Amino acid sequence: MARFELKLPKMGESVAEATITNWLKEVGDKIEADEAVLEIATDKVDSEVPSEVSGILVEQLFGKDDLVQVGQTIAIIETEGDAPAAKAQEAAAPAEVAALEATIETAKETVAAPQDFSGSDKFFSPLVKNIAKEEGISVAELESIAGSGKDGRVTKEDILKHIENRKSGVETPKAVLEAPKAVQPVAAPVQKSQQAVPVSVNGGDEIIEMDRMRKLISGYMTASVQTSAHVQSFIEVDVTNIVKWREKVKTAFEKREGEKLTFTPIMMEAVAKALKDFPGMNISVDGDYIIKKKNINLGMAAALPNGNLIVPVIKNADQLNLVGMAKAVNDLGNRAKAGKLKPDDTQGGTYTVTNVGTFGSVFGTPIINQPQVGILALGAIRKVPAVIETPEGDFIGIRQKMFLSHSYDHRVVDGALGGSFVKRVAEYLEAFDLDRDF
């Protein structure tokens, strides 16, 4: 018999941690190779962690709702035979992982008299708490450590550095704490975290708690409105040529490429071109700094069957032809609906497009996807009477038109840039060549 360590796999360049949402296997259960053992969630998508080997689950090192770092051991699986893969993994494990395992084991032994962190309203991962318990670090001392992780979280490296500095007599940089926290009683944060469940006045209302993703979306949208100075520009576009061209080639396109041709990839192609013309829209904001993005990565807002929203990203969209764009749009859209997106599929976006016309909306005022500075809403395409200018004079005709709604961050994007960008998108769409190939 051999013991195999199941670790949290790498899920993308910018994904460093995930939360365990559900154990699909319990201790004592038999597991087949490639069978899902648990479900995890990042701040964007949910996914499963499969086992690399067949065996029996003998230990779960983390519980539901625990935050786990990429590379950490989350379970132990007992396998038949020598399990060469597991042995090779152990032999190749760096000293840091070995030290981490020792920390976990030591923390288990000391769990009988745990340090109580419930009095703190700051988030600390189970690993950081265990290290703090082992080293006898108080809640107040742990709160004083300046965190380098996301949203100022204290990471394993932060607390280990603090311990090393404490032993050598060097003062660790302190976190900036609000004055009221120093005098606030321990019970106050606990009471703050307990939200009263709404009560139906007439007894007929249904009260439903938000699911995890809806809570995240709620937080993102509120934070975006509080962060960016939202301004909108609207422009009407004549897309008659695009409608005619798509109607003419969609059957041949599907037969040759095996993909349906929607209007979305045509719109995305125009947006990518406009971003190359106006790189000032392909930026992000970090405090007092503007970051000019090298790549054009288009986010594509997609509605999920449960009513939630997700934004998968088309990487290097400006390098794709129309066929490549259509394949990328369909692939991400289908995997989003099936819940098969990977964490990396939603990372790295530099500008976002949302198609509000899918639901019949003429135009909308979308909220910016932070830390980006712009988002474009595509309205519904409608047949409308319009004045058509010709060398022989003006006349009234039926045209296919739509509205583009551009929301942009007025902190760094002025009206000239925001308006010029959406106008350029419109120009690309109106100049669409009816004779072009796909």
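The values are calculated or read from the model by the stated rules, or taken from the named source; none is laboratory data. Every value quoted in this text rests on a predicted model; they were computed, and no experiment measured them. As a convention, Cβ positions derive from the backbone with ideal geometry for all residues, glycine included, and neighbour counts pool all protein chains shown.
Here ALA426, ALA380, ALA386 are screened, and the one residue that is closer than 20 Å to LYS244 by Cα, assigned to a loop (DSSP other than H, G, I, E, B) and either of a type outside the set (Val, Ile, Thr) or under 19 Å from the mean Cα position of the chain (by Cα) (or both) is ALA380.
Taking segment 266-322 as the region of interest, none of the strands (runs of 3 or more DSSP E) fully inside it holds 3 or more residues being in contact with an Asp or Glu (Cβ under 9 Å, 6 or more places away or on another chain).
How about segment 396-438: which of its residues are among the aliphatic types (A, V, I, L, M) and farther than 20 Å from VAL225 by Cα? Answer for segment 396-438, where residues must be among the aliphatic types (A, V, I, L, M) and farther than 20 Å from VAL225 by Cα: ILE396, ILE398, MET402, LEU404, ALA416, LEU417, VAL422, VAL425, ALA426, LEU429, ALA431, LEU434. Of the strands (runs of 3 or more DSSP E) lying entirely inside segment 1-50, those containing at least 2 residues that are in contact with a Lys or Arg (Cβ under 9 Å, 6 or more places away or on another chain) span 17-23, 36-41, 46-50.
Among the residues making up segment 51-78, those that are of a type outside the set (Phe, Trp, Tyr) and not in a strand (DSSP E or B) are SER51, GLU52, VAL53, SER54, LEU61, GLY63, LYS64, ASP65, ASP66, VAL70, GLY71, GLN72. In segment 214-231, the count of residues that are at pLDDT 85 or above, in contact with a Ser or Thr (Cβ under 8 Å, 6 or more places away or on another chain), closer than 24 Å to GLY287 by Cβ and not hydroxyl-bearing (Ser, Thr, Tyr) is one or more. Test THR350 against the stated conditions and say whether it is farther than 18 Å from ILE242 by Cβ, in the same structural domain as VAL311 (by TED's automatic domain parsing) and buried (at least 22 other Cβ atoms within 10 Å of the Cβ). Yes: the conditions hold for THR350. Across segment 388-411, the qualifying residues are those that are of a type in the set (Lys, Arg) and within 17 Å of LEU429 (Cα to Cα), and the one among them that is surrounded by the fewest Cβ atoms within 10 Å (Cβ to Cβ) is ARG399.
Return a yes/no flag: does segment 235-253 have any residue that is at pLDDT below 95, surrounded by 15 or more Cβ atoms within 10 Å (Cβ to Cβ) and over 30 Å from ILE20 (Cβ atoms). The answer is no; no qualifying residue exists.
Among the residues making up segment 303-327, those that are among the hydrophobic types (A, V, I, L, M, F, W, C), within 18 Å of the chain's Cα centre (by Cα) and buried (at least 18 other Cβ atoms within 10 Å of the Cβ) are ILE310, VAL311, VAL313, ILE314.
Checking each residue in segment 396-414 for being in a strand (DSSP E or B) and either touching a residue at least 60 places away in the same chain (Cβ under 8 Å) or among the hydroxyl-bearing types (Ser, Thr, Tyr) (or both) picks out ARG399, GLN400, LYS401, MET402, PHE403, LEU404, SER405, HIS406, SER407, TYR408, ASP409.
Of the residues making up segment 284-301, just one is among the polar types (S, T, N, Q) and in contact (Cβ under 8 Å) with a residue 60 or more places away in the chain, namely SER284. Restricting VAL139, VAL154, VAL199, VAL170 to those that are hydrophobic (A, V, I, L, M, F, W, C), touching a Ser or Thr at 6+ places or on another chain (Cβ under 6 Å), modelled with pLDDT of 60 or more and not assigned by TED's automatic domain parsing to the domain that holds VAL70 reduces the list to VAL139.
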